[in-house]
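Contents: one structure, followed by commentary.
The values are calculated or read from the model by the stated rules, or taken from the named source; none is laboratory data. Because the structure is predicted, anything quoted here is derived from the model rather than measured. Backbone-built Cβ (ideal geometry, glycine too); neighbour counts: all protein chains shown.
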Amino acid sequence: MNKKEVLEIRKQFKPENCAITRICGCYVDHEKNKKIESKSAFLSLPEEEAFKYYDIFKQTLSGTIGKNLLNMEFPLEQEKPEGKQEFLLKLRDSKLQDDDLIEEFYDKVIENYIYAENYYIILIHAVYDVPGKSSDGMKMFDASDAVYEHILCSICPVTLSKAGLSYNPGRNSIEDRIRDWIVQAPVSGFLFPAFIERTSDIHNVLYYSKNPEEIHTEFIEQVLGSEFPMTAKDQKESFHSIITETFGEECNYEVVRSIHENLQEMIEEHKEDPEPLKLSKPEVKKLLEKNGAEQEKVESFEEKYEDFSLLADNITSARKFQIETPDIAIKVNPERTDLIQTRMIDGRKCLVIAVDEYVEVNGVMIKTMI
């Protein structure tokens with residue numbers, strides 16, 4: 001799914017567009033015991049309660065594609081009878097009316113979701129009447145191209161509110177506040193099937209993780225059964241390894257700065273694309289050659305690495321450019337990396353920073369004239 005497709009589904013989580021038919025929930029304590037289970041027609045919920053659920057569902061489809069939202073494909077074996085994709089299809093097609101299937105789903109989550117505290121599993125079924133589009137791209141709400149029937153799962157931590165004092169208007173006094181168990185924003189979840197090219201794609205699932213570095217691999221493998229993609233951190237580390245291995249002793253500041261600038265130019269050129277910019281092996285090869293990598297090292301890169309796909313946003317940042325030594329960290333405006341150069345001074349390798357008359361140290365303005 002791309003960002004436009006995700007946004008289209010997110011827009012359904014409000015009263016005027018609501019396509020949710022049913023909601024089920026299971027509160028699990030830190031010892032993996034089911035404490036509370038609930039199921040009801042979503043439209044029967046009190047309005048204030050429904051609005052809080054809308055927020056949770058929107059957050060389950062939030063973040064950056066390729067970091068927080070991961071498109072995952074099912075291996076062929078999982079689409080066979082008794083496969084995990086077939087189970088999810090049964091769950092969706094049951095419209096969450098089959099209690100045994102729901103219990104089996106909860107059991108699968110509880111067994112494979114590694115979390116030391118209490119959490120709340122929320123599962124909804126929805127049917128979205130996908131509006132058609134005219135030749136100019138405008139939505140025609142009176143014409144439907146397809147029906148997108150799907151389930152969305154959100155997993156939310158449940159934490160005890162902080163101790164404190166509160167005002168009691170009945171007694172007109174300040175007193176100890178009652179501590180409650182509060183359902184927090186989701187940290188994990190998934191949408192099945194994926195909504196690709198504005199229709200159902202039962203071969204894919206969209207997985208959500210609030211923290212891109214905390215991917216629940218057991219949950220993905222045992223509940224979703226989908227192929228696990230490289231995380232944003234893994235992609236960045238792989239790209240850094242490619243750079244250091246290919247350039248070796250020639251991997252200096254100028255080379256890294258140039259690669260960063262090249263990537264930013266590519267991202268800028270594709271900023272209007274709905275799909276995030278991906279770099280395949282041939283594109284990384286061109287990047288290496290453009291920045292002066294020796295042909296022998298480029299050939300070694302080609303032999304060592306199989307084909308891959310890296311998201312440009314995962315391997316570079318438009319908001320941060322940082323230089324670190326064991327004792328010093330320098331943050332640079334990514335658009336002004338030219339202000340730093342390398343020099344040999346008194347026989348030592350140095351980073352030279354060009355400064356104007358405005359320099360501040362620990363909040364104090366200092367003079368730059370020597």
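Values for this structure:
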{"read-out": "Residue in segment 93-112 that is among the hydroxyl-bearing types (Ser, Thr, Tyr), closer than 25 Å to residue 211 by Cα and within 22 Å of the chain's Cα centre (by Cα) present", "value": "no"}
{"read-out": "Any hit, segment 126-140, residues being among the aromatic types (Phe, Trp, Tyr), modelled with pLDDT of 90 or more and assigned by TED's automatic domain parsing to the domain that holds residue 60", "value": "yes"}
{"read-out": "Matching residues in segment 286-323 - criterion: being farther than 20 Å from residue 234 by Cβ and part of a helix (DSSP H, G or I)", "value": "286, 289, 290, 295, 296, 297, 298, 299, 300, 302, 303"}
{"read-out": "From the options 87, 51, 74, residue that is within 15 Å of residue 124 (Cβ to Cβ), out of contact with any strand residue (DSSP E or B) (no Cβ under 6 Å at 6 or more places or on another chain) and assigned by TED's automatic domain parsing to the domain that holds residue 182", "value": "51"}
{"read-out": "Residue selected from segment 6-64 under the condition within 30 Å of residue 275 (Cβ to Cβ) and β-branched (Val, Ile, Thr), by the criterion surrounded by the fewest Cβ atoms within 10 Å (Cβ to Cβ)", "value": "64"}
{"read-out": "Filtered residues of segment 241-283 (kept if in contact (Cβ under 8 Å) with a residue 60 or more places away in the chain, part of a helix (DSSP H, G or I) and not hydrophobic (A, V, I, L, M, F, W, C))", "value": "253, 254, 257, 260, 261, 264"}
{"read-out": "Hey, residue 281 within 18 Å of the chain's Cα centre (by Cα) and of a type in the set (Lys, Arg) or not", "value": "no"}
{"read-out": "First in segment 167-182 and under 30 Å from residue 119 (Cβ atoms) and in contact (Cβ under 8 Å) with a residue 24 or more places away in the chain, second anywhere and surrounded by 10 or more Cβ atoms within 10 Å (Cβ to Cβ) and of a type in the set (Ser, Thr, Tyr), Cβ under 9 Å, 6 or more apart", "value": "181/27; 181/159; 181/161; 182/159; 182/161"}
{"read-out": "Any hit, segment 269-287, residues being farther than 25 Å from residue 64 by Cα and out of contact with any helix residue (DSSP H, G or I) (no Cβ under 9 Å at 6 or more places or on another chain)", "value": "yes"}
{"read-out": "Any hit, segment 345-359, residues being touching a Cys at 6+ places or on another chain (Cβ under 6 Å), of a type outside the set (S, T, N, Q) and farther than 30 Å from residue 228 by Cα", "value": "no"}
{"read-out": "Total residues in segment 223-240, condition in a loop (DSSP other than H, G, I, E, B) and among the hydrophobic types (A, V, I, L, M, F, W, C)", "value": "2"}
{"read-out": "Among the candidates 96, 89, 101, 69, residue that is hydrophobic (A, V, I, L, M, F, W, C) and on the phi > 0 side of the Ramachandran plot", "value": "96"}
{"read-out": "Condition check for residue 215: part of a helix (DSSP H, G or I) and surrounded by 14 or more Cβ atoms within 10 Å (Cβ to Cβ)", "value": "no"}
{"read-out": "Checking residue 108 against (1) in a helix (DSSP H, G or I); (2) at pLDDT below 95, the condition it does not meet", "value": "(2)"}
{"read-out": "Hey, residue 364 outside the structural domain of residue 259 (by TED's automatic domain parsing) and surrounded by fewer than 10 Cβ atoms within 10 Å (Cβ to Cβ) or not", "value": "yes"}
{"read-out": "Answer from 200, 154 - the residue that is over 16 Å from the mean Cα position of the chain (by Cα), crowded, with 18+ Cβ neighbours inside 10 Å and not in a helix (DSSP H, G or I)", "value": "200"}
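Listed here are the residues, each with its yes/no results for (1) buried (at least 18 other Cβ atoms within 10 Å of the Cβ); (2) at negative phi; (3) modelled with pLDDT under 90.
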residue	(1), (2), (3)
204	yes, yes, no
207	yes, yes, no
219	yes, yes, no
224	yes, yes, no
231	yes, yes, yes
237	no, yes, no
241	no, yes, no
245	no, yes, no
